[in-house]
Structure formats: C-alpha cells, structure tokens
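Working notes, beginning with the structure itself.
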Amino acid sequence: MPQLPSFIAFTGVDLGTVIDDLKALSARYPIEWGILVDAAQEILPLFPDAATRHALLTAGGLRFAAHVCGDEARRIANAPETASLDLSGFSRLQVNHSFEGSNPAQVENTVRFGRGRGLRAMLQCKGAFPADARLDWLFDTSFGRGAAPGRWPKLPDSGPFCGFSGGINPGNVEDVLNAIDADEGALYWIDMESGVRTDGWFDLNKCEAVCKAVFG
C-alpha cells in the first residue's frame, strides 16, 4: 500500500451556499479548498465573485488556497510590485501565470510575493519536480482539462513539498495513488478540479467519494 497523501486539495469552490458542508467534510478528512481568483472570469463557474470569496474566507474552520490566474498571476510572476490582490484568509498561493513553466526570475518573484503576505507559494511544473524548496510544486500537465498524464514523476527523496494533479477523480484516485507509489513517510498532496464537478459546478458528493476512496 503506497503512502497516502498529507491532504487532498479540491480546487474550484464556487458556491457560498455549501459552507456548512465544507466544514462537515473538513472535520472528517484533511482537505485544502482551492479558490480560483481572476476578476475577468467571475461571471463563470469556477471563479466566485468577491462576495462569495468573502463568505467562504470568513466562515472559519476551513483551509483555503488562492489559485490566482489571468492578469494578476502574470503581475505576481513578472512585476510583483504591481499586483494588488487582497489575499486575506488564504494559507497558500498558487500562481497560474503560464502553461510553459517558470523562469528563475519568476520563481524569485513568486517566492517574494508570497512571503510578503505570509503565504506559502506554489508553482506548477510539467516534468520532474524542481529542487527549489522555498515554495511548493504541483505537477500539472492538464491545467483544468481533466487530462491524465502519461506518467507521474517520482517524488524527491528530500526537498520541496510536492503535489500531483491531472485527471484525478473518484473513479481513478486509488489507481493514481498506486501509480505515484510514494515511499513510506513521504509528504505530498493530490489536487483535482474537473474531476469533482457536475454540469460545470463544484460537487461535494464527488469530493466525499474521493476522500472515502483515499482515507476510508
């Protein structure tokens, strides 16, 4: 049996009406809830508006990560002094600034921006996990499309905290954990977005099914 993840990240919470259910599931399982942030897309599912974000972030008893996209993500990566997001209430920050990875300057900017706001920063990678342990790394070749990768990279023996994303859902999560094949005592997380949605909207029943499959 492979090592289980430290927690599961469910990304794309877009409804303020499910707060009590989020709390109930978080009381039973180790979960980080991901909120996608992009002012230009707030009329769409996946991207809650400011009022919904405020209701979620001030509810108490929940752990949230900001998954920043669009112009603000590019500002953080390339000109962090111009970024103006209020990230109060979040504990981690993922900067989705590019599908092509991050150059050294963008890594530095992301680390500095996160530290300046008391947040642990995350960036995505498409191959082997980078060695830089100043931030967390999410393996992601799907970028929200629900596509599974051809292979999962090996977790480093030591170094950064790493996560896995790409086509994970209630039906395949056990197979994914077996394929990741983490060594005993290894620390990592798994993240999913499209695999826990129904008709485009966040589906807590699917989140619960994933938790039961992983943790029992």
message: Just to confirm, what accessible area per residue do you get for segment 134-210 at 1.4 Å probe, in whole Å²?
response: 45
Ratio Rg/Rh, restricted to segment 1-121 and using Cα atoms, in which Rh is the Kirkwood radius: 0.98
message: Only bridges whose two residues both fall in segment 104-216 count here: according to DSSP, what percent of them are antiparallel, nearest 5?
response: 15
- request: Tell me what the chain gives for mean residue ellipticity at 222 nm when only DSSP H runs of n ≥ 4 count, each as -39,500 (n - 2.57), the sum divided by the residue total, rounded to 500 deg cm²/dmol.
  value: -8000 deg cm²/dmol
- prompt: Within straight cross-link reach of Lys126, meaning Cα distance under 17 Å, which lysines are found once same-chain residues fewer than 8 apart are removed?
  reply: Lys154
field: Bridge type composition, the chain - antiparallel percent by DSSP, nearest 5
entry: 5
query: Over the alpha carbons of the chain, what is the largest minus smallest coordinate on each principal axis, giving the biggest first in Å?
result: 47, 40, 28
message: In whole percent, and with a 1.4 Å probe on the protein chains, what portion of the accessible area of segment 144-195 is carbon and sulfur?
response: 42
- request: Rounding to the nearest 20 debye, state how big the charge dipole of segment 1-82 is about its Cα centre with +1 on each Lys and Arg Cβ and -1 on each Asp and Glu Cβ.
  value: 300
message: Give me Rg/Rg_expected for segment 151-216, where Rg uses Cα atoms only and Rg_expected = 2.2 N^0.38 Å with N residues.
response: 1.18
query: Which of the aspartates and glutamates could a cross-linker bridge to Lys23, judged by Cα under 16 Å and excluding same-chain residues fewer than eight apart?
result: Asp14, Glu32, Asp203, Glu208
- request: Please work out the average accessible area per residue across segment 40-104, using the 1.4 Å probe convention, and give it in Å².
  value: 49
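The values are calculated or read from the model by the stated rules, or taken from the named source; none is laboratory data. As the structure is a prediction and not an experimental result, all values here were calculated from the model. Positions of Cβ are generated from backbone atoms using ideal geometry, with glycine treated the same way; all protein chains shown enter the neighbour counts. The protein model used for the area step is the full one, side chains on, heavy atoms only, and it has no ligands, DNA or RNA in it. Shrake-Rupley method; radii C 1.70, N 1.55, O 1.52, S 1.80 Å.
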